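The values are calculated or read from the model by the stated rules, or taken from the named source; none is laboratory data. Since this is a predicted model, take the numbers as computed values, not measurements. Backbone-built Cβ (ideal geometry, glycine too); neighbour counts: all protein chains shown.
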Amino acid sequence: MIRVAIFASGSGSNARCLMQHFKDHQDILVSMVASNKPNAGVLDIATSYEVPTYTFTKQELREGNVEQDLKSKKVDFIILAGFLALIPETLVQSYLHRIINIHPSLLPNYGGKGMFGQHVHKAVKQNQENQSGMTIHLVNKEFDKGKVLFQATTTLNEEDTAEQIQKKVLVLEHQFFAGVVESYIQSV
């Protein structure tokens, strides 16, 4: 069984899609949901799916405690689903090509430090883009610079607000994230 840890910092809608997708999977098990936010909504979702939860501080992440815990729990892959902290280079190296992230833009556009959630969608709106989308990519030592695995686009209208752009992109995320993760894990 391939063991997956989901890292998330927020409400957890993408994590919910992953847990639902892998709930009865023959080969892939969501063995843990981890968060750097002890009150993150994703932890309640994990509990409802009977998935163990784990919280940590950014300092524990930087100092390697999280990496040790992942290895002791025999985690094979890490999936970032709205996780808002930089993954330390040591963890990236330990899980080389086995950390997957989802980002709410068509990278390389609107990626990097500080570009998450509404910040992305407001920038897309401000620049009057006629399309946006989402990117699923591997994680390296820089924010949003890893190898792109998949992108999907949505058409934007001039009158779309940042909130409407977010909703359009979220539909794509929920539609494609779990399937792309599954395909990638099974191909490695």
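Among what's in segment 63-87 and is in a loop (DSSP other than H, G, I, E, B) and in contact with a helix residue (DSSP H, G or I) (Cβ under 7 Å, 6 or more places away or on another chain), pick the residue that is surrounded by the fewest Cβ atoms within 10 Å (Cβ to Cβ).
Result: G64.
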Selection from segment 47-59 of residues that are outside any strand (DSSP E or B) and among the hydroxyl-bearing types (S, T, Y): T47, S48, Y49, T57
Answer with yes or no whether Y184 is at pLDDT 95 or above, within 24 Å of T57 (Cβ to Cβ) and either of a type in the set (S, T, Y) or buried (at least 16 other Cβ atoms within 10 Å of the Cβ) (or both). no
Of the residues in segment 63-94, how many are over 21 Å from G12 (Cβ atoms) and more than 16 Å from the chain's Cα centre (by Cα)? 12
When the residues of segment 95-104 are filtered to those that are without any contact (Cβ under 8 Å) to a residue 60 or more places away in the chain and either in contact with a strand residue (DSSP E or B) (Cβ under 6 Å, 6 or more places away or on another chain) or not in a loop (DSSP other than H, G, I, E, B) (or both), which remaining residue is nearest to A15 (Cα to Cα)? N101
Flag if K141 is of a type in the set (K, R) and within 30 Å of I2 (Cβ to Cβ): yes
Of the conditions (1) aliphatic (A, V, I, L, M); (2) modelled with pLDDT of 95 or more; (3) surrounded by fewer than 23 Cβ atoms within 10 Å (Cβ to Cβ); (4) out of contact with any Phe, Trp or Tyr (no Cβ under 8 Å at 6 or more places or on another chain), the single one that L29 does not satisfy is (4)
Qualifying residue in segment 150-164 (condition: at pLDDT below 95, crowded, with 16+ Cβ neighbours inside 10 Å and not in a helix (DSSP H, G or I)): no
Between T135, T155, which is in contact (Cβ under 8 Å) with a residue 24 or more places away in the chain, of a type in the set (V, I, T) and within 30 Å of F22 (Cβ to Cβ)? T135
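Residues are listed down the side, and each one gets a yes or a no for (1) at negative phi; (2) part of a helix (DSSP H, G or I); (3) over 16 Å from the mean Cα position of the chain (by Cα); (4) β-branched (V, I, T):
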| residue | (1), (2), (3), (4) |
| --- | --- |
| N39 | yes, no, yes, no |
| I45 | yes, yes, no, yes |
| L61 | yes, yes, yes, no |
| M115 | yes, no, no, no |
| A123 | yes, yes, yes, no |
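Given the criteria β-branched (V, I, T), loosely packed, with under 15 Cβ neighbours inside 10 Å and more than 21 Å from L138 (Cβ to Cβ), does T90 qualify?
When the stated conditions are applied, T90 does not pass them.
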Looking only at segment 114-139, and only at residues there that are at pLDDT below 95 and under 28 Å from V188 (Cβ atoms), the one that is surrounded by the most Cβ atoms within 10 Å (Cβ to Cβ): F116
